[in-house]
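In what follows, a single structure is set out as structure tokens and then discussed.
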Ligand code: NI
């Protein structure tokens, strides 16, 4: 089922997600719906708060549905190691049409549970590293506009207000 993606400034986006403790059918249904919703919106990552579910669940697929091996489910994820720096453009499905450069670690290692509750660790570089950091931020109620420089953030907020006034947001 395709879910509705909530947009900034919906308060659920800035509320830390609750840890997942039950690895049941409800969680598996949420994960399946999140993949469907992400693909329908041409995203490479989606966090549960973006579909108004304040839980620590995120899905990632850099292939956008083309390669099943790239489908990742991260439940209760944490960044346990970070290294280097990258400064590249990012977007977010909760901020349609906003793309700006954000500073991120070049490489990260994440520790997470899969949808059955099994813990695993995984390294990410470049886009995957950025995606992990962006999605895990969502689970902490942190949004990418607050990672931008003050100037880029002001520009983005102005653009959002303009779109809101025009009924395009
Ligand atoms: Ni996002």
TODO: Report the extension gain between residue 152 and residue 52 in nm, rounded to one decimal, defined as 0.36 nm multiplied by the number of residues separating them, less their alpha carbon distance.
DONE: 33.4 nm
- [ ] Grab the Cα-Cα distance for residue 116 and residue 39, subtract it from 0.36 nm times how many residues apart they are, and report the gain in nm with one decimal.
- [x] 25.5 nm
TODO: Mind ranking 1-7, 83-89 by how tightly packed they are, going by the mean number of other C-beta atoms within 10 angstrom, highest first?
DONE: 1-7, 83-89
Task: the chain: angle of helix 150-165 to the longest principal axis, Cα-based, in degrees nearest 10 - done: 80
Task: Helix 25-40 axis, angle to the chain major axis (alpha carbon atoms, nearest 10°) - done: 40
TODO: List the relative contact order of the chain as a percent without decimals, with contacts defined as Cα pairs under 8 Å and 6+ residues apart.
DONE: 22
TODO: Would you mind checking the tilt of helix 126-139 against the longest principal axis of the Cα atoms of the chain, expressed as 0 to 90 degrees and rounded to 10?
DONE: 90
Task: Theoretical gain in end-to-end length, residue 142 to residue 165 [0.36 nm per residue, Cα-Cα removed] - done: 5.8 nm
Task: Convex hull volume of the stretch 11-165 per residue (C-alpha atoms, cubic angstrom) - done: 109
Open item on the list: I'd like to know how the stretch 82-169 sits against the 2.2 N^0.38 Å rule of thumb: what's its Cα Rg over that expected value?
Closed with: 1.25
Task: Burial ordering of 23, 144, 132, fewest other beta-carbon atoms within 10 Å first - done: 23, 144, 132
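Readers should treat all values here as calculations from the given coordinates under stated rules, not as data from a laboratory. Predicted model, so just to flag it, every value in this text is computed and none were measured. Cβ: placed from backbone, ideal geometry, glycine included. Neighbour counts: every protein chain shown.
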